[in-house]
Structures are given as structure tokens and as C-alpha cells.
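Single-structure report; data block below.
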Amino acid sequence: MTISLNYKVERNPIINIIIDGVIVDRVLFIGDPHIGRRFTTGVPSHRIGDREEFLFSTFKRLLNPTDPLITKIVIVGDLFDKFIVNPTYVYDTYEVFKQVSDKIDVYLIPGNHDLSKDVTKKSSFQLLTITVSGLDNIHVIEKNESHTIEYDGWDLHFYFDCYNPFEDCNVEPGLLARLKSTGPLISVGHWDSLSILDKGYIPTQDLLNLSDVVVS
């Protein structure tokens, strides 16, 4: 018996969890919803708001998948477009999370648009974190942590790197190797692109070397 992963690289990829050739679970990744972004440049006055409504309805649809094998959804940072957005967007987003099936676990990590270096102010993301705290299947990742999921004796590991505006990406020494030794490892973070930067908030070399899949 073996456990393995496969996927296609696309805007909102789905990773298939496969045991002995059979897909037993699927994980959907949603990148950069940027809820609260306004589109006005070059937009006719009678069309203002249309694109915002379309993008939000797409976000809502993604969180209510029709595929019964999708039991986990990971939102990979930049849920909101700015540190502070109109409270209506926070409320509407909370209402979407309330409607997610209790058969689906949602993991939410912050991105650079969600947090600020001004520690004296609370962000819209932090406000949402408080409001969803009573929803058992919505998991806000507030620090670097790993989650292990068992499938009939097989382990699948997630490592969530929590974006931090005050320090570089860092991983507890030896942690990834220990996780990797007992099953596939999917590492998730809101990193800058290595293809265009040699600095910034980027994953560690160990994270790149030891993960079976890296999602950013």
C-alpha cells in the first residue's frame, strides 16, 4: 500500500490524495482573494461594482464545492485587499464561512496585505479571526504549525508557514525531516516569488528541499 499526491499547476489547484491508486481525498487551494479591492480605473460608472461582485461570488462558489471528495480548503493569504477594509466586507466574508459545509475544513493563513507593521492597530483579518472563532471547521493559522491527517494508517502532513512582517521565514530545526519521515509533506505559505526576487519573504532551502509539494 502506498500514499501519494498528484495535481495540476493552475490558479486554484486541487491536490489529490491517492492511496493504492484510488483518490480518497482532495485539497483545494485558493490564492489571494483580495476581498475589498475596488475597480474604478477605466470602468464606466454604470459598471462600477460588477467586477467586485463577480470576484466575491467566485470566492463564495469555491468555498462551496460540488465535488464531495474536496474535504479541505486552504486559503493561501491576502484574504483582504488591505490592512483595513470596509467592515461590510468582513461581515460578508464571515457569512460565507458560516455557510461552509461542516464536512469541509478550511485553513486560512495571512498574507502581506492582511497584516501591518503597526502593532497598535487591529486589522480586518484580525477582526475576522475573532468572528470565526466559534466556527469549528474554520482554522485561522496564527503561527507556524503543522497538521497531520491520518488515512487508514497513512499520514499526510501540512506545514503552514505564517507570514510575519517582522522576520524572515524560519522553520524549527529538524521538524520538516521528522514529518517527511512518516508521510508526504505539503508546505503552504504566502511567500514572494523566487523567480523575481533573491530577497524578501521567501521559503527556506530546507522547506523547498524536503516538501513533496510547496504551495504559495
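The values are calculated or read from the model by the stated rules, or taken from the named source; none is laboratory data. This is a predicted model, so every value here is computed, not measured. As a convention, Cβ positions derive from the backbone with ideal geometry for all residues, glycine included, and neighbour counts pool all protein chains shown. Heavy atoms of the whole protein, side chains included, go into the accessibility calculation; ligands, DNA and RNA do not. Shrake-Rupley method; radii C 1.70, N 1.55, O 1.52, S 1.80 Å.
Subtracting the Cα-Cα distance of residue 120 and residue 24 from their residue separation scaled by 0.36 nm leaves 30.0 nm.
With bins 5 Å wide beginning at 0, the percent of Cα pairs of the chain falling in each bin runs 1, 6, 14, 18, 19, 16, 13, 7, 3, 1, 1, 0. Shape of region 56-178 from the C-alpha gyration tensor: oblate (a/c of 1.5 or more and a/b not above b/c, with a ≥ b ≥ c the square roots of its eigenvalues). Counting only other residues whose beta carbon sits under 13 Å from that of residue 98, what net charge do I get with K and R as +1, D and E as -1? The answer is -3.
Shown for the chain: the carbon plus sulfur share of the solvent-accessible area, taken with all protein chains present and a 1.4 angstrom probe, equals 51%.
For n ≥ 4 DSSP H runs only, could you compute -39500 (n - 2.57) per run for the chain, divide by its residues and tell me the 222 nm figure to the nearest 500? Display every interim value, and only then the final one.
Numbers: 5 runs with 45 residues, N = 216.
Roughly -6000 deg cm²/dmol at 222 nm, from the helical runs in the chain.
Out of all DSSP beta bridges in region 131-194, what portion is antiparallel? Express it as a percent rounded to 5. That works out to approximately 60 percent antiparallel. Note on region 123-162: Rg/Rh from Cα positions, Kirkwood definition for Rh, rounded to two decimals, is 1.10.
Put the Cα centre of region 199-216 next to the Cα centre of region 51-93 and the gap is 25 Å. What the Cα convex hull of region 145-212 gives, in volume per residue, is 84 Å³.
Modelled label positions at residue 208 and residue 64, each set 7 Å beyond Cα in the direction of Cβ, lie 4.1 nm from each other. Projected label points at residue 146 and residue 55, each 7 Å from Cα along the beta carbon direction, are separated by 3.6 nanometres.
In the chain, taking the dipole from charged Cβ atoms about the Cα centre, the farthest positive-side position among 158, 171, 84 is held by 84. Surface exposure of region 47-118, expressed per residue as accessible area with a 1.4 Å probe, stands at 51 Å². Annotation: extensible slack from residue 166 through residue 16 equals 50.6 nm (criterion: 0.36 nm per residue apart, minus Cα-Cα distance). Sorting 80, 166 by solvent-accessible area of protein heavy atoms yields 166, 80, largest first, with a 1.4 Å probe.
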